[in-house]
1. Convert each backbone phi in region 40-55 into a coupling constant with the Karplus relation 6.51 cos²θ - 1.76 cosθ + 1.60 (shift: θ = phi - 60°), then list the ³J(HN,Hα) values in order as whole Hz, x for Gly and Pro.
2. Mean-square fluctuation check for the chain, GNM, Cα pairs under 10 Å: which of Arg19, Arg148, Arg66 is largest?
3. Using only the alpha-carbon atoms, what does region 38-160 span along each of its principal axes? Please give whole angstrom values in decreasing order.
4. Convert each backbone phi in region 124-141 into a coupling constant with the Karplus relation 6.51 cos²θ - 1.76 cosθ + 1.60 (shift: θ = phi - 60°), then list the ³J(HN,Hα) values in order as whole Hz, x for Gly and Pro.
5. Of the residues Leu61, Leu142, Leu41, which exhibits the maximal mean-square fluctuation in a Gaussian network model of the chain defined by a 10 Å Cα contact cut-off?
6. For Arg86 and Arg8, compute 0.36 nm times the residue count separating them, minus their Cα-Cα distance, and round to one decimal in nm.
7. Hey, what number do you get for the chain at 222 nm if only DSSP H runs of n ≥ 4 count, each worth -39500 (n - 2.57), divided across all residues, to the nearest 500?
8. For Ala76, what is the net charge nearby, where nearby means another residue's Cβ is under 15 Å from its Cβ and Lys, Arg count +1, Asp, Glu -1?
Amino acid sequence: MERQEPVRVLFVCMGNICRSPMAEAVFRRHVTDAGIAAHFLIDSAGTGSWHVGEPPHHGTLAILSRRGIDPGNQRARQITRSDFDRFDYIVAMDHENLAALQRLRRDSQAQISLLLAHAPGLSVREVPDPYYSGGFDLVFDLVDAGCRGLLAHIREREGI
């Protein structure tokens, strides 16, 4: 039986201006390219409130532009407890944000994971934060690998 409601996926990093908006845009591109965008609701958030209302970091926007990916009209927001009820999959960029999600989590059916747990062929488990150090090309490659693996996982689990 085909799922009636969209699969809701939330990507989470610290401030919601570098990694998680990149993952949101990359994942959206993958589901669009697969012709299954109508089956998904995709968003991103941060565990911190420092950048609420701001657009993605210029480094994120630059790498997405170079890779031909439209970031849309994203604005940073902070995760809320209600997100645990609204989303089926909540995907953290690193262990620090994963721990923050686990502290916020209530009785929720949302599957919480690290993005790179869906890219087992990589030797790293966390997407590094490029906010201060740069490295947006590496971050993009890691996010892309994680998003591909996450999409395969969701398609198999949800029958899409």
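Throughout, read-outs are computed from the coordinates displayed, never taken from laboratory work. Since we're looking at a predicted model, the values are computed, not measured. Glycine also receives a Cβ, built like all others from the backbone with ideal geometry; neighbour counts cover every protein chain displayed.
1. Once rounded to whole Hz, the list reads 10, 10, 10, 8, 8, 7, x, 7, x, 10, 4, 10, 3, x, 7, x.
2. Arg66
3. 38, 33, 31
4. Residue by residue, region 124-141 yields 10, 10, 10, 8, x, 7, x, 3, 9, 9, x, x, 5, 5, 4, 4, 4, 4 Hz.
5. Leu41
6. Taking 0.36 nm per residue and subtracting the Cα distance, the gain is 27.3 nm.
7. Taken over the chain, the calculation gives -12000 deg cm²/dmol.
8. It works out to a net charge of -2.
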